[in-house]
Structures are given as structure tokens and as C-alpha cells.
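So the structure is just underneath, and the comments pick up after that.
The values are calculated or read from the model by the stated rules, or taken from the named source; none is laboratory data. Here the structure is a predicted model, which is why all the values come from computation and not from measurement. Reconstructed Cβ throughout: ideal geometry from the backbone, glycine too, with neighbour counts over all protein chains shown. All accessible areas refer to the heavy atoms of the entire protein, side chains included, with ligands and DNA or RNA removed. Shrake-Rupley method; radii C 1.70, N 1.55, O 1.52, S 1.80 Å.
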Amino acid sequence: MTETIWITGLGLVSSLGEGPEVHRAALADGARAGSLPVLDEAGFAPFPIHPLPALDLDRQIPKKGDQRQMEPWQRLGTYAAGLAIDHAGARGLVADMHLIVAAGGGERDVALDEAVCAEIARLPAAEAGRVLNERLASGLRPTLFLAQLSNLLAGNISIVHGVTGSSRTFMGEESAAADAVRIAAARLAEGRAKGGARIALVGGAYAAARWDMLLLYAASGQLWRGAWAPVAARQPAGGGLVMGSVAAFLVLETESHARARGAAGIARLGPV
């Protein structure tokens with residue numbers, strides 16, 4: 001790295017609420033009243049989850065048509081990306097801003113999946129394969145519409161917020177997030193970003209209220225079942241995750257770029 005990288009903007013939304021101050025207070029308060037995240041123990045029983053609190057989507061995604069064509073995690077990520085841009089005071093820089101997104105798998109049409117599974121479950125094994133192929137051929141295109149594809153989170157951020165520098169999407173969970181930040185910082189520091197731009201938007205999102213993801217974790221025995229309990233209280237019973245919704249985006253820029261426009265640094269980014 002040849003230039004110091006600053007974090008100048010932060011967009012953060014989770015089951016605890018919206019914005020850095022809410023999360024800072026929750027970390028300081030621990031488990032005291034008022035700091036626990038939103039909880040849903042019924043919607044995905046027997047698995048409790050932490051869904052999102054209500055968000056005023058119009059603030060960051062003003063067009064209702066844009067909101068409708070996105071799945072929940074797309075809306076969540078696009079919303080948090082806008083918060084980061086605003087926090088950095090960088091609305092006027094989006095045309096040169098680079099975008100790197102860590103994305104999990106796109107959301108599925110659970111109703112179609114259930115219908116296909118129910119149909120082939122009634123068939124002999126020899127016929128089930130043929131019918132499955134037919135249903136996928138006829139149903140896959142409408143069910144996997146564009147809003148559900150993972151790389152379209154980056155596309156929606158570009159459309160809604162006008163971020164039109166280079167764009168990359170990393171597929172996966174924790175490793176994708178680390179790689180997104182690492183590569184964004186390296187490209188900025190070494191001057192390898194398109195057009196020599198020195199500012200980037202980096203982040204990702206995860207929506208807990210998804211049967212398809214919950215069942216993936218449940219199949220390997222990783223989820224907590226029944227009434228919610230603190231992590232420490234789960235351990236004697238074998239432990240387990242209670243999934244939560246979150247989106248986090250950072251605006252990264254070189255120190256020289258930030259200083260030139262009078263932006264204050266939140267933090268200096270070290271090696272990733």
C-alpha cells in the first residue's frame with residue numbers, strides 16, 4: 001500500500017436499529033432493557049430470528065418501483081449504502097465512486113420450490129427426475145427474476161444512488177466481506193482504480209427472514225430452537241445461532257483525497 005486509507009462514511013442497519021449511535025449505545029448497555037434487538041419467535045418457528053425494525057425506505061430508495069423490484073435483502077443493502085454515502089458527505093462524488101459488494105446467495109421463490117417438491121414427492125423415482133427438469137425449465141426463469149440475483153445488489157445501488165465507477169461483487173459470507181474491503185483498499189492505495197479515483201463504497205447485507213437460508217443452517221444443526229435465550233444460556237443445551245438481519249457499508253478513500261475535500265476521517269484502515 002502506498003497511500004493511507006480512511007473510512008469517511010458508515011451506513012449501518014441491523015436488528016438493533018439504524019445508525020452508529022444506536023449500535024454504540026447497545027454495545028455499551030449490554031443486555032439491559034432497550035438494547036436487545038427486535039425478536040420474532042413465531043414467523044419462522046421453531047427458529048427465533050432477529051428481523052429488521054421498520055425502515056423509512058423512501059429516504060434512500062425514493063422510487064416505489066425500485067423498492068418493488070428488489071427482494072428484502074436488496075432493499076436493505078441499498079438503504080445502508082445510501083446511509084454511508086450521506087454520512088461521508090459524498091453525494092457529489094458518486095460518478096467516480098467504485099463499488100465493491102459482498103453478497104450471499106440471491107433469494108429464492110420459496111413458494112415455487114415448495115410446489116415443485118410437493119409434486120415430485122408424489123411421483124415414482126423414475127419419473128420424478130423428468131418432471132423436475134420440466135418444472136425447472138418452465139419455472140426457473142420467472143422465479144429467478146433479476147431482483148434475486150446476488151450481483152444485482154451492486155446493480156441496484158448503482159441505479160438508485162448513481163454509483164458509476166467500477167463494480168465488483170464477491171460471493172459468499174465472511175470471507176467475501178473481508179475480500180471486498182481488502183481489495184477496495186488495495187486498489188485505492190495503489191492507484192489501480194479506474195480513472196485514478198480515490199474513493200470507494202464497500203459493504204454487504206444479510207436478511208435473516210428467509211426460509212431458504214434458515215433451512216441450510218438448520219440442516220447442519222447450527223440453529224437454536226424454541227424460545228430465545230442469551231448465548232451463554234444456550235451453551236448447556238448444545239448452543240445454536242439466532243440469525244439476525246444486518247447491512248453495513250463503508251466509504252473508503254485515500255487520506256489525500258479526503259483531506260482535499262475537507263472530509264473528516266472516522267478511522268484509519270490498517271492491513272486487512
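When each of the peptides 223-234, 93-104, 37-48 is scored by the mean number of other C-beta atoms lying within 10 Å of its residues, the order from highest to lowest reads 93-104, 37-48, 223-234. For the residues Ala197, Ala25, Ala189, a GNM of the chain with alpha-carbon springs under 10 Å puts the largest fluctuation on Ala25. Here is the P(r) of the chain: all C-alpha pair distances, binned every 5 Å from 0, give 1, 6, 11, 14, 16, 15, 13, 10, 7, 4, 2, 1, 0, 0 in whole percents. Here is how the number arises for the chain: DSSP H runs of 4 or more residues each give -39500 (n - 2.57), the sum is divided by the residue count, and the result at 222 nm is -12000 deg cm²/dmol.
Leaving out ligands and nucleic acids, and using a 1.4 Å probe, what accessible area per residue does the chain come to in Å²? Can you show the working numbers first?
Numbers: 13440 Å² over 272 residues.
Accessible surface, normalised per residue, equals 49 Å².
Comparing Ala197, Trp228, Leu269 along the charge dipole axis of the chain, the residue lying farthest to the positive side is Ala197, per the Cβ-charge model. Charged side chains reduced to their Cβ positions (Lys and Arg at +1, Asp and Glu at -1) give the chain a dipole of some 500 debye around its Cα centre.
Ligands, DNA and RNA left out, the 1.4 Å accessible surface of the chain is 59% carbon and sulfur atoms. With θ taken as phi - 60° and the Karplus curve 6.51 cos²θ - 1.76 cosθ + 1.60 applied, the whole-hertz 3J(HN,Hα) list for the stretch 245-259 is 8, 7, 9, 9, 10, 10, 9, 10, 7, 5, 4, 5, 5, 5, 5 Hz, x standing for glycine and proline. A full extension of the chain between Arg234 and Ala267 corresponds to an added length of 8.4 nm, given 0.36 nm per residue minus the alpha carbon distance.
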